[in-house]
Each structure stands twice: as structure tokens, then as C-alpha cells.
Amino acid sequence: MASDTPAILRAFLLATLVAAGGTGFVGQALAAPETLREGLFGGRTPDGRNSTTAPAVARYVSEDGQSFILDRTQGRPLLKFENSPEVWALLPQPAPRGDVIYKNDLGEPVLRATRLGGVTVFTDTRPGGSAAALAGGATPLKLAPLGPQALLERLAQATLRASRAARRLITFEAEATPASSALIADAATVAAEAVVRMARRGDGKKMLAQFNKVTLVAGRKPSTVIQQGVMRITVAPGEGLAGRPSSDRILATLER
């Protein structure tokens, strides 16, 4: 009976191959070692993401209850906290032990992802980092096309929000085209967010005294300058959400 075992096994394998479509099953069988490696160590995307455990767009909740969305479906990873209107364009960089650190446009760490899928988020209230847990899928973070009227409304909203925070009038104006209007509108929202953050600081009054108007234009690279009471923000539409300064960069410009 023992001598018949190899023949029985061969017959079983042959029958299985035929039932599974033969060629396709063999291809899967040959891929088994790679699948096993990914199962043990996790598949890796170019930005360091463990593709077997985390969705490309996901919602996370930190240990102090702060929720955020991380979108890794586009050219640059994007992050948005659910209690803020700002979307952060991040730059992934390799770190020790196979980790990946995601930095803002000032080179400061915003997020750290470990090789095993752990995530730590760094905020103003938790600069040392707060562990975050995967809470489910989410919708990709994208700019929506805007017409002239919608852009004017967004500029008016930014004017109102910034003026309330500063307790004086700060007007928002723009030189926009159909190709730049969506990014300029988003940049206005981010600039207003920067004004709100300034107003909360102890030196906020001094910082806000540097300007009374925000002008937004399209250009070759994102930048922020202040001249003669005007904050001039340049956006680069070809770079998507990474093509405008973050609120951190705006604050850094004012600090200088």
C-alpha cells in the first residue's frame, strides 16, 4: 500500500490542476513563495507602505482621539485631520529599521509608518508623537474644479474667517485662470487657517500686523512673501495639492 502512495498523490495533483484550469493554478503555485514572503513581512510600495495591511486611502484615529485621513493613491501622500480644512502634502523619506517618515514642506515630521504597519502622528499638541490605529477606508483627497463664482465665494469665506480671527479686515484677492482656480481656492483656505493659528499665539498680534491683504497668483513654484502690507502667495497648479504653501510654511515666513 505504501508503494502506491506517490502514484495516488500524482493522480490527486493532476486532478486538482485540471479542475483549477491547469495553467492558471500552476502560475499561482509558482508564486506561492512570494505570497508567503509578503504574508510574513508585508508587501512594500515605493513610499514604504505595507500594502497587505493598510488600504491606499484610510482613516486613522490617534490614541488621543484625533482622526485623520491618509491618502497614498496620488503622486504625493496627502493627510487631512478631520477637525481642520487643510490638506497636507507630504514627502516620504526612508528611516531606520525600514520605517518611513512623512514630512511637510518645511521638512518637519508629520507621520511615521513602521515596517509592520504601525503609524505615529506628530502634532502641535503631541510633538513627541501619538500612536494611531487604522479605523477603515476613506475617500481620496482631491481638488474639485471651480468656476469663477465658486472661487469668489471661497475668497469671501477666507476673508471672513481671517478677519474674525484677526479682529480687523484682511481681504483675499486672486488672479486665477480655469487651470489654477481650484488650487488658488484651496490656498486661500490654507492661508485663512494660518491666520487663525497666528491669532491663537502669544505673538500673534505682532505677526498679523505685517499684512492686511492676501493676494494669490499662479506661478512656477509655491512660495509666500510679504511686501508692503501684502502677503503674496504663489501656487503651482501642475503640482496639485503639493503646489501651494502649507500653513506651517506661511507661519514660518511671518516668523522670519
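Each reported figure results from applying straightforward, stated rules to the coordinates on display, with no laboratory input. Just so it is clear, the model here is predicted, and its values are computed rather than measured. All Cβ positions, glycine included, derive from the backbone under ideal geometry; neighbour counts span all protein chains shown.
Give the residue list of GluC sites (Glu not before Pro) in segment 49-124 that are DSSP loop and have at most 13 other beta-carbon atoms within 10 angstrom.
Glu63, Glu82
If you take the beta carbon distance between Asp203 and Gln157 as r and set R0 to 30 Å, what does 1/(1 + (r/R0)^6) give as a FRET efficiency, to the nearest 0.05?
For R0 = 30 Å, the calculated efficiency reads 0.70.
Under a cut-off of 16 Å between alpha-carbon atoms, report the aspartates and glutamates in cross-link reach of Lys205, not counting same-chain residues fewer than 8 places apart.
Cross-link targets: Glu193, Glu255.
At what distance in angstrom do the alpha carbon centres of segment 122-153 and segment 64-91 lie from each other?
Measuring centre to centre over Cα atoms gives 4 Å.
What's the FRET efficiency of Leu169 with Asp64 using the Cβ-Cβ distance as r and R₀ = 51 Å, to the nearest 0.05?
For R0 = 51 Å, the calculated efficiency reads 0.90.
A 27 angstrom limit on the alpha carbon distance is what I want to check against. Which of Lys103/Lys213; Lys80/Lys206; Lys103/Lys221 exceed it?
Lys103/Lys213; Lys80/Lys206
Counting other C-beta atoms within 10 Å, and keeping those with at most 16, which DSSP coil trypsin sites (Lys or Arg not before Pro) do you find in segment 122-188?
Lys142, Arg167, Arg168
Please compute the length gained on full extension between Lys142 and Thr215, using 0.36 nm multiplied by the number of residues separating them and subtracting their Cα-Cα distance.
So the extension gain works out to 24.0 nm.
Around Glu239, with a cut-off of 15 angstrom between Cβ atoms, what is the net charge of the other residues, counting Lys and Arg +1 and Asp and Glu -1?
+4
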